[in-house]
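The values are calculated or read from the model by the stated rules, or taken from the named source; none is laboratory data. Keep in mind it's a predicted model, so treat the numbers as computed, not measured. Neighbour counts run over all protein chains shown; Cβ positions are idealised from the backbone, glycine included.
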Amino acid sequence: MRACNLILCWFLWVIGLPQMELFAQEPDSARQLGEVVVRAYAYNRAVDDVPATVNKVGTVDLQRFAAGTFVQALNTVPGTRLEERSPGSYRISIRGSTLRSPFGVRNVKVYWNELPLTDPGGNTYFNQLDPAMTGSMEIIKGPGSSLYGAGTGGVLLLESIKPKKGNALHAGFQLGSFGSELASFSFETGKEKFSQHTQVLHQQADGYRNQTRMSRDVINHVLHADISNDQSVTVYIFYSDLFYETPGGLTLNEFNANPRQARPATAILPGAVQQNARVHLQSFYTGVNHEYRFSKKLQNKTGVYGNFVRFNNAAIRNFDHRNEQSVGARSVTLFNHQVNDVQFTVLGGGEFQWGLLPTKSYENINGKEGLLLADDEASVLQYSVFGQGEMRWRKLNATIGLSYNAQTLTFHRLSDVGSAPEQLVYDPVLMPRVALLAKASKNFTAFGSISSGFSPPTLAEINASNGVFNRALEAERGINYEAGLRMKFFEQRLRADVTAYSFGLRETIVIRREEDGAEYFINAGKTDQKGIELMLQYSIKLSETNFINGVNFWSNYSLNRYCFKDYNKGEDNFSGNALTGTPDFVWSAGVDVTLRPGVYVRLTNLYTDALPLNDANTMYADSYYLVGVRAGYRHKRFEVYAGGENLLDERYSPGHDLNAAGGRYYNTAAGRSFYGGVRVNLSF
């Protein structure tokens, strides 16, 4: 609250400055049918010219909803599901990849300004980021191992807000239901060869359920300097302090009787309130990128990073402490050459990560440490060497990529007297990708790709909460086949994108739970994941003299036909069962309307089909339908907005505990809620 009051004072001071003028506004969402440039696979061009399924989430997408969360914006992207089991606790699925994630982000490689945010152990603290820190996010679907190292569940490329020329102040404040409060302040300066952007962000909420209070404070800084005409350096630094309580899963009866309660006590274990179940995450991340342009044809970008994390988790059973340090580097050299009307692009590089990831686990006695259960010291080394070649000739584009990936994990249980360090080495593998694109015209593009993925188990899966070091867990491997069409009609006012894919995964890693809730992981044979994704957008651009400036209709749909193959558990055969945690289809749609006086209205809808909660498919979560709206007024110096979410007051779970012990699958989402805020963007 103290940080919030400080930022609010800054905000009131900024509003009172009469000599300041409006800073550049975000683009109007009703005029966003134009060219979208993506960086995925180092293409660095319009998405229509990229032979891959890439979705970009920007400021406009985030501003359809309340500030302070990625959840709703990412859930409108076909094939993407961001779950929030409790406020601040994120889990990301790209085409069904949450199968092995009880919490946190696993098997999705995340980059922050082209440097790894995912630690060497395979875990990403995605909840340490505030949406206000990000200028854009690209979602790469399917295995990205040919260029982005180990992983079969997709890639997220996040970029921070880029400093602009000139001097500017930005401030914002938002209040909402259930004690939600958000405040932000930022300052940027920019000259011809130097610019910087500094942010201070605070968010807090009491939560809808018992034991769901959260707060997050972030300081974020970006500095860019052009050393010469040929080289530049960019520094990225952020510190994040996140606290959130964890209410625990409910049974179906508990969910129906009182959805706002925290997990009650049982004959075996105490409840979440008694154990004061909570997470406290502090992280300090620093990255430096150096770009050197040897010539117009040859350039190199090399970056290094360091990440220091302090993670304390008081769970129902255990109280875990982690003090993690990881470092890494990534270097890419790019060469362009053109012969007549044929253009060649060749790149090569490597990525290296090393982390020291110790964990101490204690009994949880009413929210305090009890007896020491395990004292583990682990280190992980992983690296990849990659190359990619691309040829562009007239309306054809062909890409071939290949990477060499390896990982070594060293583990030592210090609390076992006389134990010796153990080492797990995952044999190096080659991961190829082949992609083709053909443009029949400026309004019609077809593409296809074949890519291979390799995903060794994460440290949290090998050393799960049951306290057993699982030496037998094997790496996942899969092949993805994909084809798509991009079409434009009616003078490019209507855009339609459709993608079909088939992903076969071997040695699929799935979660299991013991009777007391302790987790462990096994390899569950194969999965067959087929799907279709459809995106439609229609934009009406009107004259600025009309009362209505523009209208933008959009609709996204994903059809998922995912099932297990060759999956046996004891005497049970789950082959042919639907993949746990994945709905059969998801549909989202909305309309953005902008009026001439500066008024805008944004309406969104999201329907999620029923999904299986266990591998046996004996329990399903019901489907749900969400409606939200945001309206606001933009003046020359400020914006005022208000909105509502879950307006139909649906009772649903935004993230389930899959294969939960005792049938505790459900984590209740907030009911009908409202918010309102104000933002100021001023330059001087």
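Structure above, values below:
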read-out: Every residue from the range 590-649 that is without any contact (Cβ under 8 Å) to a residue 12 or more places away in the chain and either in contact with a Leu (Cβ under 8 Å, 6 or more places away or on another chain) or among the aliphatic types (A, V, I, L, M) (or both); value: Y620
read-out: Scope the range 615-658; condition of a type in the set (S, T, N, Q) and over 16 Å from E83 (Cα atoms); matching residues; value: N617, T618
read-out: Selection from the range 568-600 of residues that are buried (at least 19 other Cβ atoms within 10 Å of the Cβ) and touching a Cys at 6+ places or on another chain (Cβ under 7 Å); value: N577, A578, L579
read-out: Only one of A30, A3 that is surrounded by fewer than 23 Cβ atoms within 10 Å (Cβ to Cβ), of a type in the set (G, A, S) and modelled with pLDDT under 90; value: A3
read-out: Out of F255, F243, F238, F194, sole residue that is over 22 Å from the mean Cα position of the chain (by Cα) and surrounded by 16 or more Cβ atoms within 10 Å (Cβ to Cβ); value: F255
read-out: Top-ranked residue of the range 427-444 - restricted to ones that are out of contact with any helix residue (DSSP H, G or I) (no Cβ under 9 Å at 6 or more places or on another chain) and over 23 Å from R392 (Cα atoms), ranked as modelled with the highest pLDDT; value: L430
read-out: Selected residue [surrounded by fewer than 15 Cβ atoms within 10 Å (Cβ to Cβ) and either in a loop (DSSP other than H, G, I, E, B) or not hydroxyl-bearing (S, T, Y) (or both)] from Q407, Q388, Q423, Q382; value: Q423
read-out: Conditions (1) buried (at least 20 other Cβ atoms within 10 Å of the Cβ); (2) touching a Gly at 6+ places or on another chain (Cβ under 6 Å); (3) among the acidic types (D, E): number failed by E476; value: (2)
read-out: Evaluation of S415 against (1) assigned to a strand (DSSP E or B); (2) small (G, A, S); (3) over 21 Å from G478 (Cβ atoms) (one fails), failing number; value: (1)
read-out: Verdict on T445 being assigned to a strand (DSSP E or B) and under 30 Å from A374 (Cα atoms); value: no
read-out: Residue ranges of strands (runs of 3 or more DSSP E) in the range 60-178 with at least 3 members more than 13 Å from the chain's Cα centre (by Cα); value: 166-176
read-out: Strands (runs of 3 or more DSSP E) (entirely within the range 569-681) containing at least 1 residues that are touching a strand residue (DSSP E or B) at 6+ places or on another chain (Cβ under 7 Å), within 30 Å of G504 (Cβ to Cβ) and polar (S, T, N, Q); value: 585-595, 599-608
read-out: Answer from G135, G179, G122 - the residue that is buried (at least 24 other Cβ atoms within 10 Å of the Cβ) and either on the phi < 0 side of the Ramachandran plot or in contact with a strand residue (DSSP E or B) (Cβ under 9 Å, 6 or more places away or on another chain) (or both); value: G122
read-out: Residues satisfying the stated conditions in the range 222-254, i.e. assigned to a strand (DSSP E or B) and either farther than 16 Å from N113 by Cα or of a type in the set (K, R) (or both); value: D226, Q231, S240, D241, L242, F243, Y244, E245, L250
